[in-house]
């Protein structure tokens, strides 16, 4: 399908091109993250730049931003034109620390799972190697060793 840059896309075209379900697109629109125009029939029609916004939303969610944070970032984009590469670069450059934190979290998770699976007990509460006498409980609720606390 060859579309000119000024042609509007249907919700099914946007879903197919973005890999995001139509229901998610409607949800994003309800949250104000993307916008559509209504055809005479009432059907949603999207301008092509919405595909970049959706890619941004998907990527931002993957690195752990909440929809509120994503909305705040999208609000920084110019309302009167399609965002440029420089606009997107400005937004994403602030995420380096967040990405590094996410990588560290995933590495801790990987190490913790390997340790537990290797042991076989699969219980950090009872594990004599990773958590003798349930020391992790003294550090607070949740998976303490996976969220950065050290044994």
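Things to note:
- Extending 7 Å from Cα along the Cβ direction at residue 52 and again at residue 22 yields two label points whose distance is 2.7 nm.
- Exposure proxy order (Cβ contacts within 10 Å, fewest to most) of 92, 23, 36: 23, 92, 36
- Likely footprinting exposure, 106, 65, 33, fewest C-beta neighbours within 10 Å first: 106, 65, 33
FYI, it's all coordinate maths here, none of it is from the lab. Given the structure is predicted, the values throughout are model-derived calculations rather than measurements. Positions of Cβ are backbone-derived with ideal geometry, glycine not excepted, and every protein chain shown enters the neighbour counts.
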